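Have a look at the structure below before the remarks.
The values are calculated or read from the model by the stated rules, or taken from the named source; none is laboratory data. Here the structure is a predicted model, which means the values were calculated and not measured. As a convention, Cβ positions derive from the backbone with ideal geometry for all residues, glycine included, and neighbour counts pool all protein chains shown.
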Amino acid sequence: MPARRKRGFFARMRTYFLTGILVTAPIGITAWLIYSFVDYVDTNIIPLIPPGYNPEDYLEHSVPGLGVVILLIVITAIGAFVTNFLGRWLVKFGERLLARVPVVRSIYGTLKQIFDAVLAQSSTAFREVVLVEYPRKDVWVIGFITSPPSAEIRGHLGDDRLYVFVPTSPNPTSGFLMIMKESEVVRLSISVEEGIKLVISMGIVGGPSEKGDEGAAKEAENAVVTPRVN
C-alpha cells in the first residue's frame, strides 16, 4: 500500500472514530445518567414499601423504575394535600417551627425562594440572555436578566436598573448578581436554554447561526454523515 493511500486510510478511520464518539457519547452518557438515577431511587424507595404492598413480592423479577413511579405518586399526592385548608395550615405551622431554628431557617428560606422562583408559573427567572462588559473594557460575559429590582433599590438607583445573574462556566449554578443599567447590557436574541448551553459547554455549543436552526442542523448532519479527509 503506497504511503499516500495509507495516510488517507488512517485519516478516514480517525474521522470515522471521532464521528462515532460525537454520535454515541451524548446518547451513552444520557442513558447512563438516567439508569443511575432510576437505580438510586429504586434502591432507596422500594425498601420503604410495607410488606404485602410491594408488587415485586408477587413477581419473579424486579420492576425497573418502580421506585421512580412511587416517588412521583407520593410527590403528587403531597402537592394535592397541601392545596387544601388542612395542608396549607400544616405547611405554615411547619415553616413557623423552622423559622425558630437559627441555621435551619436560613437554609430552608433560601431553598424555598430558589424553588419558588424556578418552578412557579408566574416566575420571571432568567427572562433574557444578555452580554455584560466585565471585568474590563471590550471583555464580555454571558448574563441572564432575572426578576426586576425591589422598590427600595429602584428608589436609590433609579428605575432603569436590572438584576443580571452572571454564571460561571461550566457550572452555571454558581456566579454573582449584578445590578446594572439597561443601557449597559446588550440583549441577545437567543433563548435562555441556548444561553445556558453556551455557558455549560464553555462556548463549544453556541446559539443558532445566521443561517437559522434548519441550516445549522443541515450543516451538522453533513459534518457527521460525510466526514472530510485532509
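Miscellaneous remarks
- Applying the set (1) farther than 28 Å from Ser201 by Cβ; (2) in a strand (DSSP E or B) to Ser106 leaves exactly one unmet item: (2).
- Filter result for Val38 (of a type in the set (A, V, I, L, M, F, W, C) and over 26 Å from the mean Cα position of the chain (by Cα)): no
Rundown of residues vs (1) at pLDDT below 90; (2) in a helix (DSSP H, G or I); (3) under 30 Å from Leu72 (Cβ atoms); (4) not aliphatic (A, V, I, L, M), yes/no style:
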| position | (1), (2), (3), (4) |
| --- | --- |
| Gly8 | yes, yes, no, yes |
| Arg12 | yes, yes, no, yes |
| Phe17 | no, yes, no, yes |
| Ala25 | no, yes, yes, no |
| Thr30 | no, yes, yes, yes |
| Phe37 | no, yes, yes, yes |
| Tyr40 | no, yes, yes, yes |
| Thr43 | no, yes, yes, yes |
| Ile46 | yes, yes, yes, no |
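- Here Val103 passes the criteria (1) surrounded by fewer than 10 Cβ atoms within 10 Å (Cβ to Cβ); (2) more than 30 Å from Ser147 (Cα to Cα) except the one numbered (2).
- Neighbours by Cβ (under 9 Å, 6+ apart or cross-chain): first from segment 11-26, within 21 Å of Lys197 (Cα to Cα) and basic (Lys, Arg); second part of a helix (DSSP H, G or I) and modelled with pLDDT of 90 or more: none
- Sole residue being out of contact with any strand residue (DSSP E or B) (no Cβ under 8 Å at 6 or more places or on another chain), farther than 30 Å from Ile204 by Cα, surrounded by 10 or more Cβ atoms within 10 Å (Cβ to Cβ) and not acidic (Asp, Glu), chosen from Val23, Val91: Val91
- Within segment 154-168, residues that are closer than 14 Å to Met178 by Cα and touching a residue at least 12 places away in the same chain (Cβ under 8 Å) have Cβ atoms under 8 Å from residues that are surrounded by 11 or more Cβ atoms within 10 Å (Cβ to Cβ) and of a type in the set (Asp, Glu) in these pairs: Asp160/Glu182; Arg161/Glu182; Leu162/Glu182, counting only partners at least 6 apart in sequence or on another chain.
- Matching residues in segment 49-72 - criterion: being farther than 21 Å from Tyr35 by Cβ and part of a helix (DSSP H, G or I): Asp57, Tyr58
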